[in-house]
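Working notes for the structure below.
The values are calculated or read from the model by the stated rules, or taken from the named source; none is laboratory data. Everything numeric here is computed off the predicted structure, so don't read it as measured data. We place every Cβ from the backbone using ideal geometry, glycine too, and count neighbours over all the protein chains shown. Areas reflect the complete protein model, heavy atoms only, side chains present, ligands, DNA and RNA absent. Shrake-Rupley method; radii C 1.70, N 1.55, O 1.52, S 1.80 Å.
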Amino acid sequence: MILSSLLHVVFLFAPALLKQTTVGDSSAPAYQIMNAFGRAATSLNGEWQTIVDPFDVGYFNYRMQPDPNGFFRNQKPGSSTERVEYDFDRSPLLRVPGDWNSQRADLLLYEGTIWYRRRFDYALPPNRRLFVQFGGANYEARVWLNGVELGVHEGGFTPFAFEITRLVRASGNDLIVKVDNRRRADAVPTQNFDWWNYGGLTRDVTLVEEPRAFVREYALQLDPHDERRARGWVHLDRSADTTRIPVTVRIPGTGQSQTVTPDASGRAKLSLDASRLSRWTPERPRLYDVEIIAGDDTIRDRIGFRTIAVRGSRILLNGRPIFLRGISIHEEAPYAARRAVSADDARVLLGWVKELGGNFARLAHYPHNEAMLRAADEMGVLIWAEIPVYWTIQWNNPATFANARRQLAEMIERDRNRASVVLWSVANETPRDSAPGGGPRLRFLRGLVDDARRLDSTRLITAALEHRYIDSTTIMIDDPLGVYLDVLGNNEYIGWYDGPIDKTDRIVWRSAFDKPLVMSEFGGDARQGLHGGANKIWTEEYQEALYQHQVAMLRRIPFLSGMSPWILKDFRSPRRPLPGIQDYFNRKGLVSERGERKKAFDVLRRFYAEVARAKN
Ligand code: GCB
């Protein structure tokens, strides 16, 4: 009772408090500036000073009340007797972008808060605006500039930005970020997941300078209903004093151009003739330079044009059936056990997909960094992109739902112009509601499906589902969520969690839907270099046999339109302690964490070569 009336008071006064402690532009909610790298940007990547703070003493006082003199003040003792119990200037460095776990042995298993501090100078010319953009911070990031709180962002894998036009100084700016990767039951993902909880500023940090009116977001894709046109929209962000300015979109290579005038909300629709544009395909991933010009603002992007659709159980790329020859990938670097952070990491990982003869990758289980999507566009790898709605999350919690929706919207906003992305996935292996017709989980996921369709009509919607046995050899895919999806994903582990390898030989697959199926996971662990017979678990030969039997089974599924076995590379997981075998790695990779191939790699490669000859 006392608590609730206190909260009420805080709630009533919160807006006033915000106004006092922030300067104009800083109380706005976090948003992102699409394509930060196609703009005038200054990188803040590099070494940042850091303070490890497992008890959050830099944020709460000893009564666990927010401390107005927290570490974000970056205080220095004013006299020889003043006590200040932290000092960024003398604190150790961590590299940004990068997870903290792999940078220091004592942080390998750390879950909690680390404070990051970076000093910078920036002479912002008059009539210009400045934003600080974070590519991603796992899991919750609270940001201050020069002691003023800019805001907070929740969710480890999507970008966010704050405007700092009025706060930035010509020299000596202190940017401070509190990053907390503690797992929470109400979070997305929740407490339990099968990957390492890499914390920190894991992606690029950038200052983006823009004029008073600038293009914040834009979409340009082939119209799925009329592929002679490329359609989309632009969204201008304007200071109150800027008048309407026209926006021109150009594809210089083709002479295409259109000029539009945004409405009062800063929005305008685009429609360009696309009849002479070559189609983007995995074999010929043609990208066009695109320029978007609004007054003094020019943004450059490279966009591919293709359509994706379904007909019955087939997936159609540019109107032609395609079989998705894929593999699942976690966002871990190719030759190390750390987060992948760069275009180089992305190219090696996707290079392995190409080596497998693949044309498709499932980027599990959360949005990967932007470099990965851009590399996929350039290299010709179709992408399944997903949000970390994984296993169980709090289906009945409105805050959890709002969080999942936000992460979905942020992912779509960032990647909506990437031709490679053909599938948005809203969930992985979520347990069905107990009521056959559905319940809170179905409501939650339908909400996400509706959002994805509303935000982007140019992609297919999927989810990795579970199945059920209707007798000992017949598997039925009939999750009620399937009604709302374009493509059914399904995870199965026959030969690993589900019976012996030769069980695959007897299984018959059925589906309640006339829709394409992508086998979004199957596989088993093998320690690279461990040999034995096909009947000895954990060996390369066991995994090899498992893949042989799996592909034989998959060939018999008439409605199968693709697959992304689990997984390209061994990855760290706290759920995998077995000494000498797992050592805290999930060993289902076709490649070890050091980049060494296992035998099953070749089984899949041979299968994909055959499929490519027969089906595409
Ligand atoms: C799954 C999960 C994936 C796990 C995998 C495994 O079904 O979707 O995240 O890592 O199984 O190895 O158990």
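With every protein chain present, what is the per residue accessible area of segment 125-190 (1.4 Å probe, Å²)?
Values: 1800 Å² over 66 residues.
Per-residue accessible area for segment 125-190 comes out at 27 Å².
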Discussion item. Given the -39500 (n - 2.57) contribution per DSSP H run of 4+ residues, what per-residue ellipticity at 222 nm results for the chain, rounded to the nearest 500 deg cm²/dmol?
Written reply: -6000 deg cm²/dmol
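What is the gain in length, in nm to one decimal, between Ala123 and Ala609 on full extension, counting 0.36 nm per residue of separation less the C-alpha to C-alpha distance?
Details: separation 486, 0.36 × 486 = 174.96 nm, distance 5.57 nm.
This chain segment gains 169.4 nm when fully extended.
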Worksheet, complete the sentence: Reduced to Cα centres, the span from segment 164-216 to segment 504-523 in Å works out to 40 Å
Response to the item:
Using alpha carbon centers only, segment 552-616 is separated from segment 420-497 by a whole-angstrom value of 22 Å
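If packing is taken as the average count of other Cβ atoms within 10 Å, what order do 290-297, 212-219 fall into, highest mean first? Let's see the in-between values first.
Details: 290-297: 19.2, 212-219: 22.9.
My ranking of the peptides, most packed first, is 212-219, 290-297.
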Worksheet, complete the sentence: For Ser171 the rounded accessible area (nearest 10 Å², probe 1.4 Å, non-protein molecules ignored) is 70 Å²
Fill in: Pairs beyond 28 Å (Cα-Cα), from Lys503/Lys569; Lys269/Lys515; Lys515/Lys599; Lys503/Lys599; Lys354/Lys536
Lys269/Lys515; Lys515/Lys599; Lys354/Lys536
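Gain in length, Arg575 to Asp296, computed as 0.36 nm per residue apart minus the alpha-carbon separation, to one decimal in nm?
Details: separation 279, 0.36 × 279 = 100.44 nm, distance 5.20 nm.
Extending this stretch completely gives an extra 95.2 nm.
Would segment 15-210 count as rounded, prolate or oblate if I go by the C-alpha gyration tensor, calling it rounded below 1.5 in a/c and otherwise prolate when a/b exceeds b/c, oblate otherwise?
Rounded is the answer for segment 15-210, as its axis ratio a/c remains below 1.5.
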Item to complete: Using a 1.4 Å probe and counting only protein heavy atoms, arrange Thr243, Thr165 so the residue with the most accessible area comes first.
Response: Thr243, Thr165
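Can you figure out the FRET efficiency of Lys503 with His225, using R₀ = 45 Å and their beta-carbon distance, to the nearest 0.05?
Details: r = 44 Å, r/R0 = 0.98.
Step by step, r from the Cβ atoms, then E = 0.55.
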Worksheet item: According to a simple spin-label model (label point 7 Å from Cα along Cα-to-Cβ), what is the distance in nm between Thr42 and Leu316?
Response: 5.1 nm
Practice prompt. For Thr392 and Ser239, compute 0.36 nm times the residue count separating them, minus their Cα-Cα distance, and round to one decimal in nm.
Written response: 50.8 nm
